[in-house]
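Visitor: One structure is given below, represented as structure tokens, and several questions about it will come after.
The values are calculated or read from the model by the stated rules, or taken from the named source; none is laboratory data. Small disclaimer: the values here were computed from a predicted structure and weren't measured. Cβ placement follows ideal geometry from the backbone for every residue including glycine, while neighbour counts extend to all protein chains displayed. The area values use the complete protein model at the heavy-atom level, side chains included, leaving out ligands, DNA and RNA. Shrake-Rupley method; radii C 1.70, N 1.55, O 1.52, S 1.80 Å.
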Protein chains: 2
Amino acid sequence: MIDRTKDVGRLNLKTGTVDMTHGAGGLASVQLIEAVFAKHFTNEWLDVGHDGALLPPIMKPVAVSCDAHVVSPLFFPGGDIGRLAIAGTVNDVSMCGAKPLYITASFILEEGFSLAQLDQIVDSMAKTAQEAGVAIVTGDTKVVEKGLADGVYVVTSGIGEALVDHPIDGRQACAGDAVLISGSMGDHGMAILSCRENMTFETTIESDAAPLNQMVEAVLAAAPNTHVLRDPTRGGLAATLNEIANQSRVGIVLDESAIVVKPEVAAACEFLGLDPLFVANEGKMIVICPKEEALAALAAMKAHSLGKDAAIIGEVFEAGAGTVEMTTLMGGRRMVDWLNSEQLPRIC
Amino acid sequence: MIDRTKDVGRLNLKTGTVDMTHGAGGLASVQLIEAVFAKHFTNEWLDVGHDGALLPPIMKPVAVSCDAHVVSPLFFPGGDIGRLAIAGTVNDVSMCGAKPLYITASFILEEGFSLAQLDQIVDSMAKTAQEAGVAIVTGDTKVVEKGLADGVYVVTSGIGEALVDHPIDGRQACAGDAVLISGSMGDHGMAILSCRENMTFETTIESDAAPLNQMVEAVLAAAPNTHVLRDPTRGGLAATLNEIANQSRVGIVLDESAIVVKPEVAAACEFLGLDPLFVANEGKMIVICPKEEALAALAAMKAHSLGKDAAIIGEVFEAGAGTVEMTTLMGGRRMVDWLNSEQLPRIC
């Protein structure tokens, strides 16, 4: 139990900044933990104040993921690094066909970073964790000298339990399967890039960063024989599907007309010479399931607030193993190539 | 399954450096993962190539920890950031009275960082994981621009299963318990500081960084009613015992003559004006157990290669709740105060 009577007055959450002592394990560290982390994250496990947490047994297969978040800028339309970190890790666990339960969070803070901004990020993490129904059970904070980080890096790992009895991963796609996506492509990446480039459009592009675990549960209830779940993050839909085509040794053919790209995202992509299919998403999921379950999966997604624009966008074939092709709007066919050139750095 | 036939020739592990594309999720990322991480960490879970790992059920209470490692310098006598990261996380899980099973590892790389050094660090992680008998089951890599990290930060989390049926944490110390420590104090912190300050002594100070899980298993077999296990890392023995005294609302009295400090560590501490009891250790454990089990716990530690200098160093009392005192070599008594002032930054 952390002693909550201890004086935490030294921390000024309005104008204060992080200093080297906040990461050195002494009283200043305890004060930071109390005033910022414990305040927002409080739960029965974290409040023990140990270096680790002791949780109930997990009687089903255990899904584990981890992710370092170095997004720049830290705050962007539709989210911030805190929401991104929790949603990203919840989603990675979910894409194993699992229900995320617990999150661990490590912070690498730059000396001089605003405590008010840190407080805002931690608050955003707590809210996103609540939205997803997961608990942040243990954490760690380190501080590095000014200049040796970019404000804050947030590293999360997630633990969950399997929702189904069969493996769900990139190796399981089969010829005849349908390929579905839960919504529009490229929102997160273009929200970040628009910030960086100071681009203004009639409509602000908002990141789609969101926890997908509840939609995953609905999809697996509706389409229990789902073979693959993936969130098309770095490298976008194109890179993710190429990875699956490669891992499953199948060909995937997409129908361009079924893939939704918001007008403002399409405009920003055109301006920067990017293909929205290669741009990161943080609140969308790919579902690959037997054709017979495709409509049920689609309905489950459409019934969820994060899946309103869900669509069946393609099919899996034996031919063309390891490749992704697309029937274009013009009626032709083109390869959706493995991402060879440089991608967008620090998008997540 | 990652396609191991893919050309990874672009990476030059001798003279190459990290560039921004290595963290962007495209082909360069895959090449880095293949040539460095997969090569050293290979196991049945990691080889699936998913964003998460699916592990067997854990039928006992689950212990979880996480730690960000930002130690400077990255390489030091007795270890490196890789050994430190694995040992630190293995130990955090162990100190919950649990057997560590799985590790996740996230890397934040600085653009321009030497691939040869990265390879060496990853190799060191793999070897330490093997020494501890844990598997590195999933990972993530991000790259930030030159100057925005200090070579590499390594963030690990650990998952294990409880070894005993009762809670082992800082709240469980009881009046009458014995306090034991597994060896000499201050080795890790002074190894790091000696590097930084370019101090030379007749004997090089080596970090004690080591995984303690096997010694924990031996101690819990010998002293099954152990109340507290802790590794005195940041803030050293003094800060850790103060935390326990505070969490358990007990007083702790130490016997200075029983606490081992190596001559070279004592000399370095004197030179820098530091108290070795406040200096970090990375391969030592505190055991607090009923007096009747103390000799059995001591024997179990002494029988282990990492516990040769183990000793009973103190006792737990009802009086003086929340404080730590020490009977000094001069025969007096002094308070071992809660760490108020600044501690050593970036020691781990």
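Visitor: Hey, could you check the stretch A:174-192 for residues that are more than 30 Å from A:A266 (Cα to Cα) and touching a helix residue (DSSP H, G or I) at 6+ places or on another chain (Cβ under 8 Å) and say which is surrounded by the fewest Cβ atoms within 10 Å (Cβ to Cβ)? Spell out how you get there, then give the answer.
Guide: If we filter the stretch A:174-192 for residues that are more than 30 Å from A:A266 (Cα to Cα), which is where we start, we get A:174-176.
This time we only want the ones that are touching a helix residue (DSSP H, G or I) at 6+ places or on another chain (Cβ under 8 Å), so: A:174, A:176.
Details: A:C174: 15, A:G176: 13.
It comes out as A:G176.
Visitor: What's the total number of residues in the stretch B:137-173 that are open to solvent by less than 10 Å² (accessible area, probe 1.4 Å), more than 7 Å from chain A (Cβ to nearest Cβ), of a type outside the set (G, A, S) and more than 19 Å from A:K142 (Cα to Cα)?
Guide: The number of residues fulfilling the criteria is 1.
Visitor: Residues to consider are A:L84, A:L74; find the one that is farther than 29 Å from A:A173 by Cβ, among the aliphatic types (A, V, I, L, M) and more than 8 Å from chain B (Cβ to nearest Cβ). Please lay out each step first, then the result.
Guide: Numbers: A:L84 fails: farther than 29 Å from A:A173 by Cβ.
Step by step, each of A:L84, A:L74 is checked, and only A:L74 is farther than 29 Å from A:A173 by Cβ, among the aliphatic types (A, V, I, L, M) and more than 8 Å from chain B (Cβ to nearest Cβ).
Visitor: Give me the residue from the stretch A:265-306 that is touching a helix residue (DSSP H, G or I) at 6+ places or on another chain (Cβ under 8 Å), part of a helix (DSSP H, G or I) and of a type outside the set (A, V, I, L, M, F, W, C) and, out of that set, surrounded by the fewest Cβ atoms within 10 Å (Cβ to Cβ).
Guide: For the stretch A:265-306, the residue satisfying everything is A:E293.
Visitor: I've got another one for you. So is A:L329 more than 14 Å from chain B (Cβ to nearest Cβ), under 17 Å from A:L237 (Cβ atoms) and assigned to a helix (DSSP H, G or I) or not?
Guide: Considered against the rule, which asks whether it is more than 14 Å from chain B (Cβ to nearest Cβ), under 17 Å from A:L237 (Cβ atoms) and assigned to a helix (DSSP H, G or I), A:L329 comes out as no.
Visitor: Of the residues in the stretch A:221-242, how many are out of contact with any helix residue (DSSP H, G or I) (no Cβ under 8 Å at 6 or more places or on another chain) and either surrounded by fewer than 24 Cβ atoms within 10 Å (Cβ to Cβ) or among the polar types (S, T, N, Q) (or both)?
Guide: Selection size over the stretch A:221-242: 2.
Visitor: Still on this model: Here are B:G49, B:G23, B:G112: which of them is at pLDDT below 90 and under 30 Å from B:P345 (Cα atoms)? Give the steps one after another, and end with the answer.
Guide: Numbers: B:G49 fails: under 30 Å from B:P345 (Cα atoms); B:G112 fails: at pLDDT below 90.
Criteria check complete, one pass: B:G23.
Visitor: With (1) touching a Ser or Thr at 6+ places or on another chain (Cβ under 8 Å); (2) over 18 Å from A:D67 (Cα atoms) as the list, and B:A68 as the residue in question, which single condition is left unmet?
Guide: (2)
Visitor: Quick check, is A:V250 within 14 Å of chain B (Cβ to nearest Cβ), modelled with pLDDT of 95 or more and out of contact with any Lys or Arg (no Cβ under 9 Å at 6 or more places or on another chain)? Lay out the reasoning, then the answer.
Guide: Working: within 14 Å of chain B (Cβ to nearest Cβ): yes; modelled with pLDDT of 95 or more: yes; out of contact with any Lys or Arg (no Cβ under 9 Å at 6 or more places or on another chain): yes.
It is true that A:V250 is within 14 Å of chain B (Cβ to nearest Cβ), modelled with pLDDT of 95 or more and out of contact with any Lys or Arg (no Cβ under 9 Å at 6 or more places or on another chain).
Visitor: Next question. Of all residues being more than 30 Å from A:E318 (Cα to Cα) and in a helix (DSSP H, G or I) in the stretch A:248-264, which is least open to solvent (accessible area, probe 1.4 Å)? Just the residue, please. Walk me through how you get there before you give the answer.
Guide: So in the stretch A:248-264, the residues more than 30 Å from A:E318 (Cα to Cα) come out as A:262-264.
Add one more test, that the residue is in a helix (DSSP H, G or I), and what stays is A:263-264.
Values: A:P263: 101, A:E264: 40 Å².
Checked the stretch A:248-264; the qualifying residue least open to solvent (accessible area, probe 1.4 Å) is A:E264.
Visitor: I've got another one for you. For the stretch A:199-210, indicate whether the set of residues that are of a type in the set (A, V, I, L, M, F, W, C) and over 29 Å from B:V144 (Cα atoms) is non-empty. Before you say what the answer is, go through the steps one by one.
Guide: The first filter runs over the stretch A:199-210 and keeps only residues of a type in the set (A, V, I, L, M, F, W, C), leaving A:199, A:201, A:205, A:209-210.
Next cut, over 29 Å from B:V144 (Cα atoms) only: none.
No; the residues of the stretch A:199-210 include none that is of a type in the set (A, V, I, L, M, F, W, C) and over 29 Å from B:V144 (Cα atoms).
Visitor: Now, a different point. Looking at (1) part of a strand (DSSP E or B); (2) hydroxyl-bearing (S, T, Y); (3) under 29 Å from B:H227 (Cβ atoms), can you tell me which one B:T89 breaks?
Guide: Just one mismatch for B:T89, condition (1).
Visitor: Of all residues in the stretch B:27-49, which are facing another protein chain (nearest Cβ under 8 Å) and surrounded by fewer than 23 Cβ atoms within 10 Å (Cβ to Cβ)?
Guide: Restricting attention to the stretch B:27-49, the residues satisfying the condition of being facing another protein chain (nearest Cβ under 8 Å) are B:27-29, B:48-49.
Of everything in the stretch B:27-49, those that are facing another protein chain (nearest Cβ under 8 Å) and surrounded by fewer than 23 Cβ atoms within 10 Å (Cβ to Cβ) turn out to be B:L27, B:S29, B:V48, B:G49.
Table: residues versus (1) more than 10 Å from the chain's Cα centre (by Cα); (2) open to solvent by 20 Å² or more (accessible area, probe 1.4 Å).
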| residue | (1), (2) |
| --- | --- |
| A:A68 | yes, no |
| A:V71 | yes, no |
| A:F75 | yes, yes |
| A:G78 | yes, yes |
| A:R83 | no, yes |
| A:A98 | yes, no |
| A:S106 | yes, no |
| A:F113 | yes, no |
| A:I121 | yes, no |
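Visitor: Still on this structure, I have one more. Please determine whether any residue of the stretch A:150-173 is over 23 Å from B:L54 (Cα atoms) and charged (D, E, K, R).
Guide: Scanning the stretch A:150-173 turns up at least one residue that is over 23 Å from B:L54 (Cα atoms) and charged (D, E, K, R).
Visitor: Now, a different point. Can you go through A:A245, A:A218 and tell me which one is within 13 Å of chain B (Cβ to nearest Cβ), in a helix (DSSP H, G or I) and either open to solvent by 10 Å² or more (accessible area, probe 1.4 Å) or in contact with a strand residue (DSSP E or B) (Cβ under 7 Å, 6 or more places away or on another chain) (or both)? Talk me through it step by step, then tell me what you get.
Guide: Details: A:A218 fails: within 13 Å of chain B (Cβ to nearest Cβ).
Of A:A245, A:A218, the one residue that is within 13 Å of chain B (Cβ to nearest Cβ), in a helix (DSSP H, G or I) and either open to solvent by 10 Å² or more (accessible area, probe 1.4 Å) or in contact with a strand residue (DSSP E or B) (Cβ under 7 Å, 6 or more places away or on another chain) (or both) is A:A245.
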